Structures are given as structure tokens and as C-alpha cells.
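Read the structure below first, then the notes.
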Amino acid sequence: MTTHQVSMHQLTSLLGDWRGAGSDYSSLAERIRLMVIDGRVKAGARLPSERTMAQSLGVSRTTVNSALADLRASGYVQSRQGSGSVIRIPGRTGDLPIPQAGDILDLSRATSSAVPGVHAAAERALRRLPARLTTDGYELSGLPALREALASRYTGAGVPTSADDILITSGSASAISLIARTFLAPGDRVIVETPGYPHSNDAFRSAGARLLPATVDGDHGWDTDEFTGVIERALPTLAYVMPDFHNPTSRSMSAETRAAIVDSAARHGAVIVSDETTAELDIDRGEDTVPLCAYDTRGSTVLSVGSASKTMWGGLRVGWIRASSTLIDRLVAARFSFDLGAAVLDQLVTSELLDDMGRIIEYRRDVHRRSREALESALATHLPSARLHPVDGGVAGWIQLDAPNSSPLAVAARSRGLLIGAGPWFGLGGEFERNVRVPITATPDAIARAIAILGEAHTAIAPGPPRTGAPV
Ligand SMILES: Cc1ncc(COP(=O)(O)O)c(C=O)c1O
């Protein structure tokens with residue numbers, strides 16, 4: 001395990017307002033534990049010294065010492081004389097009392113089971129396999145038939161595209177990592193949305209990038225002036241956006257914002273990565289949008305990323321990048337040290353399913369509509385003080401709590417068997433303590449159970465009556 005120092009400045013910003021209803025030491029330990037669980041603090045991170053933490057957090061050294069002892073006991077910290085306290089990932093889920101493995105309700109991921117028809121598509125794909133077995137199977141750019149089918153979908157959406165403009169990847173996650181490795185050098189600036197998709201932020205950080213936030217408001221979406229202002233002032237190498245059914249807020253970008261950010265990026269030499277993993281998950285937006293790449297008149301500003309995961313099935317591990325053939329060639333060249341192509345059989349299955357996209361999208365629409373209804377009604381029953389920002393598609397509902405206590409709520413939910421994405425997971429530095437993400441990719445039943453648990457957890461962490469007070 002390689003270690004690296006977390007500065008007190010980073011820790012303070014990640015911790016935010018960490019004090020909870022319980023004792024300071026347990027609140028501090030719980031907050032650090034949650035940051036480890038959701039990946040904001042990585043294994044190998046060396047915490048500042050006890051003295052520095054005590055001074056900066058305004059607590060006694062005994063408090064810090066007890067918090068570290070608690071983290072050590074639950075396996076989240078290893079302390080060695082002379083080398084400080086280092087974060088580690090416990091082999092088990094730590095001492096957080098989770099009822100039984102089978103009872104864990106995992107709503108920390110916005111994922112769902114396969115759309116009906118994947119098995120039949122796999123059988124059809126198998127019949128096409130023998131013709132591929134005479135090749136070596138290394139398809140660095142992807143199977144021609146799949147690239148052609150995807151290209152014609154873009155052309156149909158109004159953006160003329162040829163198979164040479166498409167690169168098949170192992171899911172959109174690997175597309176984003178490949179883009180990060182290909183286009184970024186340490187110290188480069190990347191605009192990311194806040195709240196945004198944490199795994200993409202990680203991919204850019206791993207490439208050594210500095211992340212700059214651009215706000216996506218749960219009700220109003222992007223602030224065009226803020227976004228173009230950051231491009232103009234910071235001259236980023238990349239900007240990463242989810243223009244349709246943004247994860248986690250479900251907002252979609254207006255045509256004006258699309259045109260303005262592509263124009264600004266083109267003028268300032270930035271490339272926009274348009275993550276369209278969730279773009280086809282419309283419930284009732286009531287408006288057709290045009291893909292971001294349609295605004296890219298030069299053809300060298302927008303890289304579109306797509307995926308079979310949210311419509312068809314995550315287990316296919318098929319995604320793609322659409323860009324000018326020059327940019328695709330750069331990505332292919334960078335791929336040799338990355339993964340040498342996506343699995344051929346999975347690509348055949350995906351190309352079979354692409355013929356059935358109309359039915360697949362209708363299926364997802366229907367399922368997500370029912371899950372959204374379950375979410376609305378469970379919130380009204382179990383957590384009426386919370387507000388659900390509008391959800392008209394995508395993978396999740398973004399909930400606003402009545403107080404900035406998303407992290408303690410997630411910790412309390414965890415101890416009741418529910419794993420849920422606390423708001424700060426979707427930020428860059430401890431923000432969004434007022435928010436929680438609930439996936440609408442989960443079944444209505446799972447959502448109802450999850451919100452009932454959140455309601456219980458909310459009551460459990462509510463501050464009790466003041467312990468002392470003036471006599472009345
Ligand atoms: C916005 C977004 N991008 C990328 C991904 C990764 O998807 P894939 O399974 O295609 O790697 C996800 C998955 O949740 C996502 O929501």
C-alpha cells in the first residue's frame with residue numbers, strides 16, 4: 001500500500017461541518033469512516049498529526065486520540081509509532097453493526113438488472129460467433145458491425161457519423177479513463193460538475209488533473225455564465241459534462257447552454273467530454289434534445305461517451321466514444337497500454353440488442369416511472385421533511401434534506417443495513433451535506449424499504465431536547 005499525505009486543509013474541507021448529535025470523538029470517527037467507505041479518502045492516505053488535527057478542528061487531543069482509537073478498532077486506520085495514522089480499508093465492513101449479509105440493501109449504486117431479451121440476444125450472438133473465430137479477436141477499435149450500427153444512430157439523431165468516428169470500450173467508465181490517460185498531463189485543469197459523477201472525478205484525478213467545479217443546481221441545472229467563465233479564466237484541458245439526465249440531479253442542459261459551452265470550449269482550446277451514459281433514460285422530460293456533438297461545428301471539441309449499461313445491462317461492459325476520426329486515432333494509439341479492446345462476444349450481443357432499442361427504452365421508461373412513484377410516495381410517508389428535486393429521467397432522485405446532515409444520516413442508515421450515497425460523495429470538498437441520492441434504477445419495493453430506513457435513521461440522528469436550559 002503506497003501512502004500519501006492528506007493536508008489539514010483537504011481534511012477540513014472534506015469533513016465540512018462534522019459535529020453530530022453524539023460525542024465529538026464518535027462524530028469525527030464516523031465522518032472519516034464514511035469518507036473512506038464512499039471513496040473520498042483512499043487507503044494509504046496519511047492523516048495529519050493529532051496535534052494539527054486537534055488545533056485545526058478546535059477539539060482536544062483526547063478527542064482526536066479517541067476518534068483515531070475508534071477508527072483503529074474498526075479497521076479503518078493503522079497507526080505506527082513515528083509514521084502517524086494511515087487510512088486502510090478493513091477486510092470486513094468494520095464494526096458498523098450491519099444485521100446480516102443477506103439483509104443489506106445496497107442503494108449506493110444506480111444500477112439495475114438486465115432488460116428482458118439479453119439472453120435471447122446472446123443466443124443470436126453466439127450464432128454469429130463462428131465467423132469471428134477465424135480472426136485473432138483483437139478489435140482495437142471495436143467490431144465494425146457494432147461501430148456502424150452506433151454511427152447510424154448518431155446520424156439518425158442529426159449528427160452525421162461514420163464507423164471510423166466510433167471506438168468501442170469496456171463500458172463508459174473505461175472510455176472516460178482512456179480519455180483521461182490520453183488527453184491529460186499532471187497539473188492539467190478539468191472542469192467537472194458539482195454535484196457530479198465521483199468515478200469520473202477519480203479518473204481525472206488519477207491522471208494528475210486539478211478539478212474545477214461547475215455547479216449543477218437540482219432545480220435549475222447549469223449556470224451558463226459560470227461555466228463559460230470558468231473555461232475562459234482557467235483554460236482547462238477538458239470539461240466533463242452529463243448533458244442529459246445528469247447523475248445525480250436528473251437535470252438536462254438547455255440548447256442555449258449546449259451551444260454556449262461548446263462555443264467557449266472551441267475558442268479556448270478545451271475538449272468537452274459529454275457523458276451520455278444516462279441520455280436515453282427519459283421518463284417524461286417532454287422535450288427532445290440534440291446531442292452536444294451536434295453543436296461542434298469544427299468536429300474537434302466534443303468527445304461523446306455512451307454505454308449499453310443503463311439501457312441494456314451493466315454486465316455487457318460495452319461502451320463507446322464518438323469523436324472525429326483524428327481524435328479516435330489518438331485514443332486507439334493510447335489504448336495499447338490500456339486494454340487492447342472490448343470482448344467480442346459482448347459486442348455481438350450489444351449489436352443484437354441495438355436492433356431492439358425502441359422496446360428497451362420503453363421498458364426502462366416504464367420501470368423508472370414506477371420507481372419514481374415509489375420514491376415520491378415513500379418520502380411523503382417516511383421522510384416528509386425532505387424535498388425531491390424534479391426527476392424526469394436518468395438514474396436517480398436528488399433529495400434535499402431539512403438539515404445538513406447527510407453523512408450522519410448515511411452512517412445511521414448503514415447501521416440499519418442500508419447503503420446509500422451521501423451528498424458529499426458527489427462533491428469535490430465536503431459540500432452537499434443537505435443532499436442524498438436515491439437511485440430510481442432500484443425496484444419500487446427496494447426504494448420503499450430504503451426510504452423507510454432513512455426515515456428511521458433521520459429520527460435517530462435528530463437532535464434531542466436541549467440537555468440543559470433555563471427554567472421555565
Ligand atoms: C454518468 C455515468 N457515467 C458512467 C458510468 C459507468 O458506466 P459503465 O457501466 O458504462 O462503465 C455510470 C454508471 O453508473 C454513470 O452513471
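Rule-based calculations on the coordinates, nothing more; no lab input. Source: prediction; values computed, not measured. A quick note on method: Cβ atoms are made from the backbone with ideal geometry, for glycine too, and the neighbour counts reach across all protein chains shown.
May I ask for the net charge around residue 6, where only other residues with Cβ less than 11 Å from the Cβ of residue 6 are counted and Lys, Arg are +1 while Asp, Glu are -1? Overall, the nearby charge balance is +3.
Considering only alpha-carbon pairs that sit under 8 angstrom and 6 or more positions apart, the relative contact order computed for the chain is 19 percent.
In the chain, the calculated helix contribution to ellipticity at 222 nm averages -13000 deg cm²/dmol per residue, counting -39,500 (n - 2.57) for every DSSP H run with n ≥ 4.
How big is D for segment 4-87, in µm² s⁻¹ as a whole number, if Stokes-Einstein is applied with the Kirkwood radius of its Cα pairs at 25 °C and 0.890 mPa s? Estimated via Stokes-Einstein, D reaches 196 µm²/s. Couplings 3J(HN,Hα) of segment 154-166, computed from phi: 5, 4, x, 7, x, 10, x, 9, 10, 4, 5, 8, 10 Hz, in residue order, whole Hz [Karplus 6.51 cos²θ - 1.76 cosθ + 1.60, θ = phi - 60°; x for Gly and Pro].
Backbone amide hydrogens, once placed in the peptide plane, bring residue 212 within less than 5 Å of 190, 191, 192, excluding anything fewer than 5 places away on its chain. Extension gain, residue 325 to residue 8: 0.36 nm times the residue separation minus the Cα-Cα distance gives 109.6 nm.
Sorting 132-142, 146-156, 160-170 by their mean Cβ neighbour count within 10 Å, with the most densely packed peptide first, gives 160-170, 146-156, 132-142. Multiplying each eigenvalue of the alpha-carbon gyration tensor of the chain by 5 and taking the square root yields semi-axes of 39, 26, 23 Å, largest first, rounded to whole angstroms. The slack in the chain from residue 127 to residue 81, taken as 0.36 nm per residue of separation less the alpha-carbon distance, amounts to 10.3 nm. Taking the charge dipole of the chain about its Cα centre, with +1 at Lys and Arg Cβ atoms and -1 at Asp and Glu Cβ atoms, the residue from 320, 443, 75 reaching farthest to the positive side is 75.
Take every pair of alpha-carbon atoms less than 8 Å apart whose residues are at least six positions apart; their mean separation over the length of segment 118-355 yields a relative contact order of 28 percent.
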